[in-house]
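**Student:** Supplied in structure tokens, the structure appears directly below.
The values are calculated or read from the model by the stated rules, or taken from the named source; none is laboratory data. Remember, predicted model here, so these are calculated numbers, not experimental data. Backbone-built Cβ (ideal geometry, glycine too); neighbour counts: all protein chains shown.
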Amino acid sequence: MLYLAFFIIYTFIFVFGICIGSFLNVAVYRLPNHISIAYGRSFCPKCHKQIPNRDLIPIFSYLHLKGLCRNCQAPISPRYPLVEAFTGLLAVGLFWYYGFNLTALVIFSVACILTIIALIDIDTMTIPNNLLIALSIPAVLIYWFFPEISLLARIIGFFAVSLPMFLLNFIKADAMGGGDIKLMAVSGFMLGWQNILLAMFIALLASGLAIVYLLAAKQKTTQSHIAFGPYLCLGIITALVYGKPIIELYFAFFNLY
Ligand SMILES: [Zn+2]
């Protein structure tokens, strides 16, 4: 009976996450094009025909239409159902990890904003300022949920990575994007200086691995830019959720030797 209750609750959370994921897709498409995310119907970007309600069911509609627009048969990006499924799993994972409380909800909202930032950065190589303003709301709220990270540690965190990134631009012009710098400032306040350093380390490691992979697969040359934002977002969310155990493990490891 208890298992059934858990199954029903997590199914509900998964569906909730999928619906939020559907909204994230809308935001990723509309924000860079300056279309309101609150009003207006979704339309096919190819034939501009409004998408009927029956084709707006997350994941299911994509599978039912076999990834093609009902009107013009243009292929729909598999990214839409993937983002929906990803957000659903994210919701299940975070509520399972934190329990059914406000902490889980705030962390989930951070993860959602970071997902939008990462995808818009992939599409446009920029991070819109209004998303950084949106991120600053949970970034400040989180202080009440994790008071063990002091206000001073958070203020140092604001500058710990953003300032070196900013100064790097004087040595090599446009080495770091302005959006990336602002993202690491807001996130630095959210995480505190220890965790924002960890976030940067994870971002450098992940982007390094990705560059090696892309070079090996000959998909990119050394000349072309890669969006750094997605790797920063990956580092930020990892440090936010697992920062404490990772840093404890790190110190435990070096005390042994
Ligand atoms: Zn179409």
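**Student:** Just need a number here: residues in segment 139-168 that are hydrophobic (A, V, I, L, M, F, W, C), surrounded by fewer than 19 Cβ atoms within 10 Å (Cβ to Cβ) and not in a helix (DSSP H, G or I).
**Tutor:** Qualifying residue count for the region: 1.
**Student:** Shifting gears a bit: Kindly evaluate Leu105 against the criterion of being crowded, with 17+ Cβ neighbours inside 10 Å and either at pLDDT 95 or above or within 16 Å of the ligand (Cβ to nearest atom) (or both).
**Tutor:** Numbers: crowded, with 17+ Cβ neighbours inside 10 Å: no; either at pLDDT 95 or above or within 16 Å of the ligand (Cβ to nearest atom) (or both): yes.
No; evaluated as a whole, the condition is false for this residue.
**Student:** Quick test for you: out of Gly67, Gly93, Gly157, pick the one residue that is over 29 Å from Cys47 (Cβ atoms), outside the structural domain of Met184 (by TED's automatic domain parsing) and either without any contact (Cβ under 8 Å) to a residue 60 or more places away in the chain or among the acidic types (Asp, Glu) (or both).
**Tutor:** Answer to the selection: Gly93.
**Student:** Further, regarding this structure: If you check Leu90 against the conditions, is it more than 16 Å from the ligand (Cβ to nearest atom), modelled with pLDDT of 95 or more and out of contact with any His (no Cβ under 6 Å at 6 or more places or on another chain)?
**Tutor:** On the way: more than 16 Å from the ligand (Cβ to nearest atom): yes; modelled with pLDDT of 95 or more: yes; out of contact with any His (no Cβ under 6 Å at 6 or more places or on another chain): yes.
Judged against the criteria, Leu90 is a match.
**Student:** Next question. Select from segment 59-72 the residues that are surrounded by 13 or more Cβ atoms within 10 Å (Cβ to Cβ) and within 10 Å of the ligand (Cβ to nearest atom) and write down the one among them that is farthest from Ser22 (Cα to Cα).
**Tutor:** Here the answer is Asn71.
Okay, residues lined up against (1) more than 19 Å from the chain's Cα centre (by Cα); (2) closer than 18 Å to Pro230 by Cα:
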residue	(1), (2)
Met165	yes, yes
Leu168	yes, no
Ile171	yes, no
Val186	no, yes
Gln194	yes, no
Leu198	no, yes
Leu205	no, yes
Leu214	yes, yes
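**Student:** Looking only at segment 20-38, how many residues end up being in contact (Cβ under 8 Å) with a residue 60 or more places away in the chain and either within 19 Å of Phe95 (Cα to Cα) or part of a helix (DSSP H, G or I) (or both)?
**Tutor:** The qualifying residues number 6.
**Student:** Could you list, ordered by first residue, the pairs with Cβ atoms under 7 Å in which the first is in segment 42-58 and within 10 Å of the ligand (Cβ to nearest atom) and the second is among the hydroxyl-bearing types (Ser, Thr, Tyr), at least 6 apart or interchain?
**Tutor:** Listed pairs, sorted by first residue: Ile51/Ser42.
**Student:** Here is a follow-up. For segment 26-41, what are the residues that are more than 16 Å from the ligand (Cβ to nearest atom) and not β-branched (Val, Ile, Thr)? Please lay out each step first, then the result.
**Tutor:** Looking only at segment 26-41, we keep the residues that are more than 16 Å from the ligand (Cβ to nearest atom), and these are 26-28, 30-40.
Hits for segment 26-41 are Ala27, Arg30, Leu31, Pro32, Asn33, His34, Ser36, Ala38, Tyr39, Gly40.
**Student:** If we scan segment 39-54, do we find a residue that is part of a helix (DSSP H, G or I) and buried (at least 16 other Cβ atoms within 10 Å of the Cβ)?
**Tutor:** no
Condition check ((1) surrounded by 13 or more Cβ atoms within 10 Å (Cβ to Cβ); (2) closer than 19 Å to Ile116 by Cα) across all residues:
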{"residue": "Ile137", "(1), (2)": "yes, yes"}
{"residue": "Phe170", "(1), (2)": "no, no"}
{"residue": "Phe189", "(1), (2)": "yes, no"}
{"residue": "Trp193", "(1), (2)": "yes, no"}
{"residue": "Leu204", "(1), (2)": "yes, no"}
{"residue": "Ser207", "(1), (2)": "yes, yes"}
{"residue": "Ala227", "(1), (2)": "yes, yes"}
{"residue": "Leu232", "(1), (2)": "yes, yes"}
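Yes or no, residue by residue, for (1) in a helix (DSSP H, G or I); (2) under 18 Å from Val26 (Cα atoms):
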| position | (1), (2) |
| --- | --- |
| Gly93 | yes, no |
| Tyr97 | yes, no |
| Val106 | yes, no |
| Leu114 | yes, yes |
| Ile120 | yes, yes |
| Asp123 | yes, yes |
| Thr126 | no, yes |
| Leu132 | yes, yes |
| Ser136 | yes, no |
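**Student:** Something else: Restricting the search to segment 80-90, which residues are in contact (Cβ under 8 Å) with a residue 24 or more places away in the chain and of a type outside the set (Val, Ile, Thr)?
**Tutor:** Tyr80, Glu84, Ala85, Phe86, Gly88, Leu89, Leu90
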